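The values are calculated or read from the model by the stated rules, or taken from the named source; none is laboratory data. Keep in mind that this is a model prediction, so the values were computed, not measured. Glycine also receives a Cβ, built like all others from the backbone with ideal geometry; neighbour counts cover every protein chain displayed.
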Amino acid sequence: MLAVRPLSLVRALAVHPAFARALATKSRSATPALSGTKLDPSESFMTGTNAVVLEEMYERYAKDPNSVHSSWTTFFHNLELDVAPGQAVELIRVNRNRLDAVPLGMTPGKDLFQISQDTVQLMSMIRAYRHRGHLVADLDPLKVNLHLKRGDSPDPYNIQREKEPSHYGFSEADMEREFVVAGEIPGPPVRRLRDIIAMLKRTYCGKIGAEYRHMLSKEQKFWIGNILETETEQTFSAAERKQILKDLAEAELFEVFLAKKHNTAKRFGLEGGESLIPGLQALLDRGSQLGLENVVLGMAHRGRLNVLANVAAKPLEQIFHEFLPHEDPFAESYLGSGDVKYHLGASSKRRMPSGNTLQFSLLANPSHLEAVDPVVVGKTRAKQFVTDDYTREKTMAIMVHGDASFAGQGVVAETLELSDLRDYTTGGTIHLVINNQIGFTTDPREARSSPYPTDVAKTVGIPIFHVNGDCPESVVKVCKLAMDYRQRYQKDVVVDLFCYRRHGHNELDQPMFTQPHMYKLIKEHDTPLTIYKNQLIDEGVITEEEYQDLKNSTNAHLAEKFEQGKNWKPSEKDWLSSHWKGMKSEANLSVAQPTGIDINTLRKIGFRHCEVPRGFKIHSVLKKQFEERRKSIEMGEGILWATAEALAIGSLLLEGYAVRLSGQDCERGTFSQRHAVLHNQDDVGIYIPLNHLEMGEQARFQVCNSNLSEMAVLGFETGYSLESPRSLVMWEAQFGDFANGAQVIIDTFIAAGERKWRRQSGLTLLLPHGYEGQGPEHSSARMERFLQMCDDDPDVWPDMDPATSKQIQECNWQVVNPSTPANYFHVLRRQVSREFRKPLVIMTPKSLLRDTLCRSSLSDLAEGTFFQRVIPEQSTQLVEPEKIRRLIFCSGKVYYDILKERNIGNVDDVAIVRMEQISPFPFDLVKREAQKYPNAEIVWRQEESKNMGAWSYVQPRFATALRGIENGVTRGQVTYVGRAPSAAPATGSLLTHQQEQSTLMEETFIF
């Protein structure tokens, strides 16, 4: 330090010609504004009259170097080291990390070796704090730190000793020593050891624990570290702190109000984690300032009502109304079962404090925790697609998780793995974990093997911020940082909110049964609101009277909305979002639309689909395959399954319907049948023919090879299908039984989603199905499971009049097993031609993809044609209908097996009828076909075992369909022909399979 008085020194320097010239060359303003805390000397022109300004700045620096801009800190520090004023300024712009003089406080009593060794140890200490400081951060409001308890060790991760300077050879005598930290930590290039340690403890061992050093990007790590290590403890103005208090009060008082009004109702309240609300509010407001326009949120039941009320802006009167005992208010306009209030979603527009508007969507979800995660990102991606948000800055996903489910549910990892995939990325999701430090009744030590529930997120290299939920300012700070990071780097980020659950799993549960110690602490622990309001009162930010006014006004508002809720009425917009305008509910009849198209248009699509750009070399096998496709288009005959699919997709694209096909290896197709994406054999490059039809404007075809996931990918496509009815969204399983891995999505979102949440979806599942001797795992798509979930009544004959029937509108979904390429073409087009949407499950073929009999003609796709729910007997070589002795009903591939055997045996008194649509059951057409053959025994023939396939579904419906016709009592007893009941779907022996097939054929034609 210089011997002269600092203020005198500064006053002299302020008029020093060299200093003035140095600053004059960089001047942008005449006088610095002292209202801010960060001022750059290069942006100020100092004259004699401004000496006082410099003097005051120095005083602030002397008290706390972090209270001024780092460039001022560098400047003043260099002056104290006898660096000339002009050079001190230049250091800022030329190279902040260069020192022209060795700090005097660095070397007393130390030789060069000791200095070098101490510097290495200092770097080790800095690294330890950055990597492991979060393990000793003040995160747990209850101070029990269950996440760190492993056995009897008080320090299981050996971090307590690593945070002590003595571990690195430093003593109290070293605290005033100075070290060069230029380039390692932001701020002054030279710091006292005491200041370095204080900064590290404040940054990494306070109310925030940061995990980001595992990330691969050096730039991102530097960006995060720079923000964390330069922030001062107090970062909020009085107005901002009052807003945080208001958000916190609204969160807590909402829960208290509900508890008083409905003390016997489950609500899965947020008590203990109320800081989530100010955190979310700040996050969204910051996002609106950074260009965010749409937010899609998914969360489980914990705190959901609070988020609906205070963040999603769902009308309070509606929420209160849903607590009242009453009939379903939507029953007249929309049939369905409904769902419990803490599963329901909401959509709203909000004017944010920044003045910008946010469109906010909270997705409905089931009780299967985390199942909604991929649905959220799928809907987000779809919203980005329909709004042309290809930079992904305007639409973002937010997920609120529970700690036990985030660690325990595999779909979390599956969804995280989608985050950076080309066809699935949404430009980053913000994950907020409500870390109650307990599952239902299970402690963290029994719930996971890692210290944090968020450790799974490290697999994709994203930052994780742990924060103490009793410190709402830290929560808000971290949430803003998370939003800044997401918008800047388009990556996922996790905020782990350490809190607690004030009640049991629900408000009626008794947690003392299993966690007596924890709940004694919770009972004695003040709420986050009480803690924070006391803090603000103590610091003079508010008065007790101001707080009471806030509390009273909030309670008055809740009481007013509660009274209004008694008379709340729903409207149509409550179940139909904006993109679905014009779609009809079950209450409104939708007339069937044609699906055949002009044959010349079909030819043009077919020819364009087979064309390859000049200079683009495709594989020789593909060249031959596409030549055969083109030939079939020219001839108008021999249309294979994949060709019909391409024609259907191409025609929809020309009509303005976007098409998305997703699944494992779906670009090529599991059976090498599709080849929707061509790869240049001589160079890197791909070509998607259906995106180059050149027949006027067209929509976009997305064909997406997914990662090896079923649950997350199917959930993603489910969410995608919810955004707009103007897309045909298809998920293809590699084999049909792969759908087993996505059963939760199928059960809760696809089969029952419309019934529970009044949200339509036209999602289409393509499930390869067929017994060809490939063993138990690649034969059956488990048709029986889908049929079991169909909600049509087997004993009721519905209205089947084409002009008035709403059979399909009133069902929950459709299950089809088409046997011709033409019917596949029509069912895909039918899926989006209607004025409503229903999920569609298609049993697609394997061996039939190239079967010589399984082909169609272009005339089968032309105008005037349509999807055939039932295909009658086609042969003209049979005996008269009255002499037909056996009428066989079947579906899919089985038809060709029977047909080939009938031709081989020259059988002419057995008729075969194909049931293409199994559900909803075609009662009218089944009856019509049965009446054609009055003396025939009716048989249901399937290749699946008796306890599988369609038999259990069709048997009682056959009885209903045949009721009332001549000899109906006898004929209602339909004969079953198929495999015997079995636990495994199919045999693993090809020889046994062939023997079973032979036996089935004998039984089919035995009378």
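Can you name every residue in segment 648-666 that is buried (at least 20 other Cβ atoms within 10 Å of the Cβ) and within 21 Å of Leu421 (Cα to Cα)? Passing the criteria: Ala658, Val659, Arg660, Leu661, Ser662, Gly663, Cys666. Whether any residue in segment 316-339 is of a type in the set (Val, Ile, Thr) and either at pLDDT 90 or above or in a loop (DSSP other than H, G, I, E, B) (or both) is what I want to check. No. All of (1) in contact with a helix residue (DSSP H, G or I) (Cβ under 8 Å, 6 or more places away or on another chain); (2) within 20 Å of Arg132 (Cα to Cα); (3) surrounded by fewer than 20 Cβ atoms within 10 Å (Cβ to Cβ) hold for Pro453 with one exception: (3). For residues that are modelled with pLDDT of 85 or more and surrounded by 12 or more Cβ atoms within 10 Å (Cβ to Cβ), tally how many sit in segment 122-173. Adding up the residues that qualify gives 27.
Of all residues in segment 388-425, those being part of a loop (DSSP other than H, G, I, E, B) and hydroxyl-bearing (Ser, Thr, Tyr) number 5.
Annotation: of all residues in segment 278-308 being of a type in the set (Val, Ile, Thr) and outside any helix (DSSP H, G or I), the one that is nearest to Lys266 (Cα to Cα) is Val296. All of (1) within 11 Å of Pro528 (Cα to Cα); (2) under 21 Å from the mean Cα position of the chain (by Cα); (3) not small (Gly, Ala, Ser) hold for Gln281 with one exception: (1). Pairs meeting the criteria (first residue in segment 809-821 and within 11 Å of Glu754 (Cβ to Cβ), second residue of a type in the set (Lys, Arg) and outside any loop (DSSP other than H, G, I, E, B), beta carbons under 7 Å, at least 6 apart or on different chains) are Asn812/Arg755. If I go through segment 203-227 residue by residue, how many of them are surrounded by 17 or more Cβ atoms within 10 Å (Cβ to Cβ), not in a helix (DSSP H, G or I) and not aliphatic (A, V, I, L, M)? Residues flagged as surrounded by 17 or more Cβ atoms within 10 Å (Cβ to Cβ), not in a helix (DSSP H, G or I) and not aliphatic (A, V, I, L, M) within segment 203-227 amount to 6. Screening Thr454 against (1) of a type in the set (Ser, Thr, Tyr); (2) over 21 Å from the mean Cα position of the chain (by Cα); (3) closer than 15 Å to Ala210 by Cα leaves a single unmet condition, (2). For segment 910-966, the candidate set comprises residues that are touching a residue at least 60 places away in the same chain (Cβ under 8 Å) and acidic (Asp, Glu); within that set, the residue that is surrounded by the most Cβ atoms within 10 Å (Cβ to Cβ) is Glu943.
Assessment of segment 228-236 against the conditions (charged (D, E, K, R) and in a strand (DSSP E or B)) yields no matching residue.
Can you list residue pairs whose Cβ atoms sit under 9 Å apart, with the first residue in segment 985-1004 being surrounded by fewer than 12 Cβ atoms within 10 Å (Cβ to Cβ) and at pLDDT 90 or above and the second being assigned to a loop (DSSP other than H, G, I, E, B) and among the charged types (D, E, K, R)? Count only pairs 6 or more apart in sequence or on different chains. Filtered contacts from segment 985-1004: no entries. Restricting Lys573, Lys623, Lys581 to those that are at pLDDT 90 or above and among the charged types (D, E, K, R) reduces the list to Lys623.
Residue count for segment 525-546, restricted to those that are surrounded by 14 or more Cβ atoms within 10 Å (Cβ to Cβ), in a helix (DSSP H, G or I), touching a helix residue (DSSP H, G or I) at 6+ places or on another chain (Cβ under 7 Å) and not aliphatic (A, V, I, L, M): 3.
Residues checked against (1) in contact (Cβ under 8 Å) with a residue 60 or more places away in the chain; (2) buried (at least 17 other Cβ atoms within 10 Å of the Cβ); (3) assigned by TED's automatic domain parsing to the domain that holds Asp420; (4) at positive phi:
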position	(1), (2), (3), (4)
Lys623	no, no, no, no
Leu640	yes, yes, no, no
Ala646	no, yes, no, no
Thr670	yes, yes, no, no
Gln681	yes, no, no, no
Val684	no, no, no, no
Glu697	no, no, no, no
Gln702	yes, yes, no, no
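Scanning segment 353-387 for residues that are part of a loop (DSSP other than H, G, I, E, B) and out of contact with any Lys or Arg (no Cβ under 9 Å at 6 or more places or on another chain) yields a count of 8. Please tell me if Asn903 is exposed (fewer than 15 other Cβ atoms within 10 Å of the Cβ), modelled with pLDDT under 95 and polar (S, T, N, Q). Spelling it out, Asn903 is indeed exposed (fewer than 15 other Cβ atoms within 10 Å of the Cβ), modelled with pLDDT under 95 and polar (S, T, N, Q). Inspect all residues belonging to segment 814-823 and state whether any of them is surrounded by 24 or more Cβ atoms within 10 Å (Cβ to Cβ), out of contact with any Leu (no Cβ under 9 Å at 6 or more places or on another chain) and over 28 Å from Gly596 (Cα atoms). No, every residue in segment 814-823 fails to be surrounded by 24 or more Cβ atoms within 10 Å (Cβ to Cβ), out of contact with any Leu (no Cβ under 9 Å at 6 or more places or on another chain) and over 28 Å from Gly596 (Cα atoms). Within segment 609-620, the set of residues being in a helix (DSSP H, G or I) and either among the aromatic types (Phe, Trp, Tyr) or surrounded by fewer than 17 Cβ atoms within 10 Å (Cβ to Cβ) (or both) comprises Ser620 only.
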